[in-house]
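The values are calculated or read from the model by the stated rules, or taken from the named source; none is laboratory data. Quick caveat: nothing in here was measured; it's all calculated off a predicted structure. All Cβ positions, glycine included, derive from the backbone under ideal geometry; neighbour counts span all protein chains shown. These accessible areas exclude ligands, DNA and RNA; they are computed on the full protein's heavy atoms, side chains included. Shrake-Rupley method; radii C 1.70, N 1.55, O 1.52, S 1.80 Å.
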Amino acid sequence: MKTIKLIILSIFIVISIKGYSSEDVEVKSPVDYVNPYIGNISHLLVPTFPTIHLPNSMLRVYPRRGEYTGSLLEGLPVVLTSHRGSFAFNISPFQGKAENIEPVYRYSYDQEEITPYSYSVFLDEQQIDVRFAPSHQSALYEMKFQNDSDTYLLINTRNGELKWNGNAVTGYQELRNNTKVFIWLETETKPVKNGVLNEGAANWEQTGTTGRDAAMLLGFGNKTPVLRVRYGISFIDEAQAKRNLEREIKNYDLAGLQNEGRRLWNEALGKIAVEGGSENDKTVFYTSLYRIYERPVCISEDGRYYSAFDGKVHEDLGVPFYTDDWIWDTYRAAHPLRVLVEPEMEVNILNSYIRTAEQSDHFWMPTFPGVTGDGHAMNCNHGVASVIDAYKKGLRGFDLEKAYKASKGAITEKTLIPWSGKPAGELDQFYRDHGYFPSLHEGEKETVDGVGGFEKRQAVAVTLGTSYDDWCLSQIADALEKEDDYQYFLKRSYNYRNLFHPETHFFHPKDGKGNFIQPFDYRFSGGIGGRDYYDENNGWNYRWDVQHNIGDLVKLMGGNQAFVSNLDDLFTEPLGGGSKVGFYMRFGGDQSGNVGQFGMGNEPSFHIPYLYNYAGQPWKTQKWTRALLRMWFRNDLMGIPGDEDGGGMSAFVAFSMMGFYPVTPGMPSYNIGSPVFKETVIKLNEGKEFRIIARNCSEKNKYIQSAKLNGTEWNKPWFSHDDIKNGAVLELEMGGKANRLWGAAADAVPPSAESGQ
C-alpha cells in the first residue's frame, strides 16, 4: 500500500510540475482524430465533402452546398445515392406562415459541427438548432425552435411521389436506370395538419403528390419547441424502408444513436493503431481511413438487395451486396488496404462484382458499379486487379473461375474505348492485331463511332492499362491452370513496349500505320487532360504506368542510372506554358498537386515515388514519400491536392504514412517507404498483428539506417504478403541522413513480372 501511495504521489508531482490539465492527458479515440473538413475547398477539381455515415453504410449525407465556402444550405439532406452529388429527398423545417414556400429552403447557417457519426448546425435566420445521427439505412433529426410561431416541416423529392398515410410520409424518388429510392418518415410529435405544396402554396386538402419537386407539408402548430424526425430508406420498396427504420431506430434517442455510431467508427478505425507523430499527423491518418470506409456501400436490406444491373430484387444468401465503387480509382490502394484490415468485406465486394456481371446483359466485370448500374467511366477494366490481388494474398470465398470469365469478357469482349460499355469494335480488333490502341494526329477527325468528343481515345493510357489488365488475367489463368490463356495474356502484357519511344524513353502515341505522332510535347499534346493520348495526366506521368513490370521498364530506359535520372527529371521539369495558369489552362485541372511534372493529385502517379526502390536508390523513395505527404496532405480545408474520389487518394496517404505501399496490386508484395509514426499496429485476420516500429522516427529522421523483419536483418526495400500475413514485426532504425547502401543491392530489387514473385 505504501508503494502504491508513493507512485500516486510521484504522478501528481510530475503533473503539477509540467502544468498538465485534464485536457492534456485526455486519451483520444481514433474517431476523435477525424476531421471531415479536410479538403473541403478544392485546389482545382472536386473537393471532399464532410460526409456523415457509418462505415460502408447505405445511408450517407453531407450538407447540401457547393464547397465549404457555400453560404447557404439547401434544406437538410436525407440520403446520398452515389459517392458525391446525387441527393434524394430533402427536409426543410421552418416557422411562420405557409405561404409562398420554396420547394427547398435555403438557409443561412452557423455553428456547424460534423463528425463521422453526427451533425449539428444552427439555422440562424430561422433560429433552429439542428442535430442529426445516422444508422446504416435510417437516420434521426432533432430540431429545436427558438420561436413560438407555427412550425412546419417540408419534405420534397426532385422527381417522384410523396404521400401521407396517417402515420408517416412515404414515397420514392426516381433515379437513373429505372432505379428508385424509397422513404418512410415519421415524427415524434404528430402533425395537426398535412397537405402538399402546389406552385409555392400549401394545399391542405391533398394527401399525396407526384412529379418534379413534389413536396409534402406537415404542420405542427405553435407549441412544438422540439421536433424529432426519424426515417428509413430503401432501394426495394416503402415497406422495406419502414422495416429498416424499425430495425435500427426504435425510439427518438439521438444521443444513443450517436454513441452507437461512435462505437462502430472506433471499431473500424481502431483496426490500425498509431503512436508518435504529431496530432496533425494522426488527424490526417485517421481522416484518410474514414474516407476509405465511405464506399463501396452495403445495400443488402434484411437479406435482400435491389440490383440496377437487372432491375430485380435478389436474395443475398448471407453474402452482403456492395456497390458504388469507382474501380479505376480504388484498385490501386483502397482495395489492397481492405485486404489487410477488412478481408471478409473485400471477399463480399468481389462476390458483388461477380453478381453484377451475372445480372448484366453481358457477363462482364463492372468498371464503376453504382446504385443505378455500371458507370463505365474512365478507361480499362481494373476490377481484374482486385480479384488477383485478393487471391494472391490468400483470400478465398469467391468463385475465381467466374471472376476470371467476367474479367476476361470485360477486357476482350467489351470495347476498350474509354467511357463506353459497348461490345468490342474496329479499334479493339486493331489492338488485337497490332498490340496497341491507335491514335489520331492533331486535327485529324474521329472516324470511329463510340469515341467520345471530350474523352477521346486515350490511346496510350488504354494500351498501358490494358497491358496491366492482361498481366492480371495471365495470373488468374495460371492459378486456374489454363496454360494457353496464361501464355496468351502474358505475351499481351508486354504490349506497352509497342509505344515505348527508344530515343525519348517516353510512351508515345502511334497512328494506325505504326508511326509515332509528330510533332509532340509530352507536357501538353493531347488536348485538355491529354485525352487524345493519355488521360487526366500528361506523358511525363504515364511514362511510369507499367505497374506490373517495373523491372522491364528499367531495362527499356537503359538501366538503373538512366531510370533514376528520368525519375529525378520528373520532379524537376518545369510545368511550362509560361506559368501555372498557362499549364492548367492548356492541360486542364486534372493534373494537380504538381512537383515539377509529377502530379500528386491524380491516381496514376501514386506509385511513382516508390519506383526508386527498383533502381538501387530506395533512400529517394524515403525522401519523396515524406516530402509529398508534408506538401500536399495536411490538416486544413485545402489539405488534399486533387480529386480524392472517395478513398482512392486517401488510401495512398494511409499506406504511405504507415511506411509501405502496394505498387502492383496482384503481386503479393509491398514497397517500403518512410513511416511517419514511431509505431503502427495493423490488426490482421484471426487476431494477428503486423507491427511497424520506427525508432528515432521524426520529421527530420526519415531515412532508414537498418531494418529487421521478425528479428532477422532485412536489407530489401520491400517485403511479401507471406512475410506478414501470420503476424510480423518490421523494425526500422531511422536517421536524419540517408544510408544509401540500405536496400540498394542488386538482389534487393522488388519483384516485377520478369523477376517473378
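For the stretch 138-263, the spread of Cα positions along the three principal axes, ordered from largest to smallest, is 42, 41, 21 Å.
Overall, the chain carries a charge dipole of about 1560 debye about its Cα centre when +1 sits on the Cβ of Lys and Arg and -1 on the Cβ of Asp and Glu, all other atoms neutral. Computed with every protein chain present, the accessible area of D213 is close to 80 Å² [probe 1.4 Å].
Here the simple spin-label model places points 7 Å from the Cα toward Cβ, and for S71 and A255 these points are separated by 3.7 nm. Once the mean of 1/r is taken over each pair of separate Cα atoms and inverted, the stretch 302-383 shows a Kirkwood hydrodynamic radius of 13.0 Å.
For the stretch 111-156, what does the alpha-carbon gyration tensor say about shape, rounded, prolate or oblate, given a ≥ b ≥ c as the root eigenvalues, a/c under 1.5 as rounded, and a/b over b/c as prolate? Taking the square roots of the gyration eigenvalues as a ≥ b ≥ c, the stretch 111-156 is oblate. With Cβ to Cβ distances under 14 Å as the rule, what net charge do the other residues near E199 carry (K, R +1; D, E -1)? That sum, taken over residues with Cβ under 14 Å, equals -2.
Each residue was assigned an accessible area with a 1.4 Å probe, and for K422 the value is about 120 Å². Over the stretch 644-757, with a single point scatterer placed on each C-alpha, what log10 of the ratio I(q)/I(0) does the Debye formula yield at q = 0.11, 0.17, 0.19, 0.22 1/Å? Cα-only, vacuum Debye calculation for the stretch 644-757: -0.36, -0.87, -1.08, -1.38.
Taking loop as defined by DSSP and a crowding limit of 12 other beta carbons within 10 Å, which trypsin sites (Lys or Arg not before Pro) in the stretch 694-747 fit? Within the stretch 694-747, the qualifying trypsin sites (Lys or Arg not before Pro) (loop, at most 12 other Cβ atoms within 10 Å) are K700, K737.
Counting only heavy atoms of the protein chains and using a 1.4 Å probe, M365 has close to 10 Å² of accessible surface.
Just need log10 I(q)/I(0) for the stretch 599-645 at q = 0.27 Å⁻¹, Debye formula, equal scatterers on the alpha-carbon atoms, no solvent, rounded to two decimals. For the stretch 599-645 at q = 0.27 Å⁻¹, log10 I(q)/I(0) is -0.99. Between N177 and E205, residue separation times 0.36 nm minus the direct Cα-Cα distance comes to 6.7 nm. With a Förster radius of 30 Å applied to the beta-carbon distance between R586 and R106, the computed FRET efficiency rounds to 0.20. With the cut-off at 19 Å, tell me which of the pairs K180/K312; K97/K223; K683/K725; K271/K620; K408/K510; K144/K223 have Cα atoms farther apart than that. In this structure, K271/K620; K408/K510 exceed 19 Å between Cα atoms. Using the Cα gyration tensor of the stretch 193-346, with a ≥ b ≥ c the square roots of its eigenvalues, what is the shape: rounded (a/c below 1.5), prolate (a/b larger than b/c) or oblate (neither)? Prolate. What the pair-distance distribution of the chain shows, using all Cα-Cα distances binned every 10 Å from zero, is 3, 14, 23, 24, 19, 12, 5, 1, 0, 0 percent. For the stretch 85-134, the ratio of Cα radius of gyration to the globular rule of thumb 2.2 N^0.38 Å stands at 1.27.
Taking all protein chains into account, the per residue accessible area for the chain stands at 38 Å² (1.4 Å probe).
Here is the list for the stretch 428-517: trypsin sites (Lys or Arg not before Pro) lying in DSSP coil, each with at most 14 other C-beta atoms within 10 angstrom of its C-beta, are K445, K513. Of the chymotrypsin sites (Phe, Trp or Tyr not before Pro) found in the stretch 418-492, those in coil by DSSP whose Cβ has at most 11 other Cβ atoms within 10 Å are F454. Average projection, convex hull of the Cα set of the stretch 343-395: 3.8 square nanometres.
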